[in-house]
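What follows draws every value from the coordinates through simple rules; no lab data is involved. Source: prediction; values computed, not measured. Backbone-built Cβ (ideal geometry, glycine too); neighbour counts: all protein chains shown.
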Amino acid sequence: MRFAAGVCAAVLTAMVSSIASAATYSADATSRLEFTGVQAGAPFKGVFHQFTAAVDFDPAALATARIEVTIDMNSVDSGDKDRDGTMRGADIFDVAHFPTAHYVTRSVTRTATGFSAVGALTLRGVTKDVPIEFKFAPGAAGAGLSGTAELKRLDFGVGRGDWKSTEWVADAVKIVFSLNLKPKT
Amino acid sequence: MPAQATRYSPLAQTFHWVIAGLIIVQFTLARLAEPLPLGVHKLAILARHKSVGMTILMLAVLRLLWRLRHRAPPLPPGMTRFERMAARGTHVAFYVLLFAMPLTGWTMSSAKNYSVSWFGLFTWPNLIGKNEAAFDFLRTTHDALSYVLFAVAVLHILAALKHHFWDRDDVLVRMLPFTKGARRS
C-alpha cells in the first residue's frame, strides 16, 4: 500500500514536471496568419481567418518543442471575393477536395535572432518540408510566437492549368504569422 | 513679339501621336479582356491595360505641363465662332479625359484591392482602400467615359479630315510629322 502510494506520487511528480517543462498552448482568436503573393507584378495580401494552433514550446527544452497548425482553406480572404472564389476553386486550393492544410514542426533550433524550425506542410494533398523563422516572447498570461516563412506554391501543386505559369502569378509566396498563445486548459 | 508658329513642334507631334496610339491599344486590350472569365488571360491583358494606362497618365502630366508653357498654332481664319468653340471644347475634353480615364481606372483597381504594377517594374500605391461599392461606381464611370472618349475622338478625326479635304487648310498637316510648311490654298 505504502509502496503503491509512493509510485503514484512519483508518477504524478513526473507528469507535473513534464507539463511545466513543455508548456502547452493554443493560439487565441487574435492570432493572424497572412500570406503575400505577387500577381501581375503587384503584391497582394491574404489572410486565413480560421486556423488552430497547438504549441509545445519551452526555450530550455527545444528537443520537445512542437508547433502544429491546421488551416481552414475555405477561410481565405484576399480582400476581393472574385479572387477568393478563384483561389478556392479546383485549379488553386481546391477546397472541395482539400479543405484543410496542416503544418507540424519536426525540429526546432536556436538562431542568432530567435528560433528556426523545420516542419512538414501538407497543402492540397502534397506534403513537403517548409522551414520557418520565429521569435518566442513569453508573457504574463501566455506567449507570443511570430515569424515568417517562404514557400513555392508550385511545390504543392497550387496552380493548375493556366495558373501553373509563373509569368502572372509568382511561384514564391511569403507567409507571416503572429500567434497569441494561451495556456491550454 | 515673336511670330507664332504655324506648325506643331516635333515634341507636340510626338505627344499627340504616341498618346493616340496608346489609346487605341487601350481600347483593344479592354475589348479583349471584357468577355474573358476571371483567369490568367484576363489578368495578363488587364495588367498590360493598367501599365499602358499609367504610361498615358504620366505622358498626360508632361503634355499638360508642356501645353501650359506653349501656345498652340492659331486656328485658320474663316472658322465660325461655333467651329472655334467646338475645336476648343474637343481639345479641352481630350485633356480632361487623358486624366480621368487612367485615374478612374487606377482608383477602381485600388477599390478592388488589386494594386497597379507598371510593367512589373514597380507598384503604384493604392489610391483608396478596398470598397466594393466604389469599385462598381468607378467601373461604370470608367466604361461611360470610354464611350465619351470614343465619341470625342471620332469628332476630332472627322473635323481634321473636314479641314483637310473640305476647307483645304493646314490644320491636319501641321500635326503630321515629315510634312513641310503650310499648305498652299
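I'd like the distance between the alpha-carbon centres of the stretch B:23-52 and the stretch B:73-151, rounded to an integer number of Å.
So the two Cα centres are separated by 16 Å.
Would you mind getting me the FRET efficiency between B:A134 and B:H70? Use the beta-carbon distance for r and R0 = 41 Å, nearest 0.05.
In this case the efficiency is close to 0.65.
For the pairs A:K81/B:K50; A:K128/B:K42; A:K81/A:K182; A:K174/B:K42; A:K152/A:K182; A:K81/A:K164, flag any whose C-alpha to C-alpha distance is greater than 26 Å. Don't jump to the answer; show the numbers that get you there.
On the way: A:K81/B:K50 21 Å; A:K128/B:K42 31 Å; A:K81/A:K182 32 Å; A:K174/B:K42 24 Å; A:K152/A:K182 31 Å; A:K81/A:K164 21 Å.
Beyond 26 Å: A:K128/B:K42; A:K81/A:K182; A:K152/A:K182.
In chain B, with Lys and Arg counted as +1 and Asp and Glu as -1 at Cβ, which of these residues, B:I56, B:A100, B:L121, has the Cα nearest the positive end of the dipole, that is, farthest along it?
Projecting each Cα onto the dipole axis, the largest value belongs to B:I56.
State to the nearest 20 debye the size of the charge dipole of the stretch A:23-183 about its Cα centre, where the only charges are +1 on K and R beta carbons and -1 on D and E beta carbons.
For the stretch A:23-183, the charge dipole is close to 220 debye.
Per-residue counts of other Cβ atoms within 10 Å, averaged by peptide: what ranking do you get for A:72-82, A:30-40, highest first? Let's see the in-between values first.
Numbers: A:72-82: 16.5, A:30-40: 18.1.
The most tightly packed comes first, giving A:30-40, A:72-82.
So which lysines pass the test for B:K162, namely a Cα distance under 28 Å, with those fewer than 8 places away in the same chain ruled out?
B:K180
Just checking the output field for A:35-47: average partner chain Cβ neighbours within 10 Å of each residue's Cβ?
The shielding value for this peptide is 5.
Within 10 Å of each candidate Cβ there may be at most 15 other Cβ atoms; applying that plus a DSSP loop requirement, which trypsin sites (Lys or Arg not before Pro) in the stretch B:34-75 survive?
B:R71
Return the long-range amide H neighbours of A:T100 (sequence gap of 5 or more, or a different chain), with a cut-off of under 5 Å between placed amide H atoms.
A:M73
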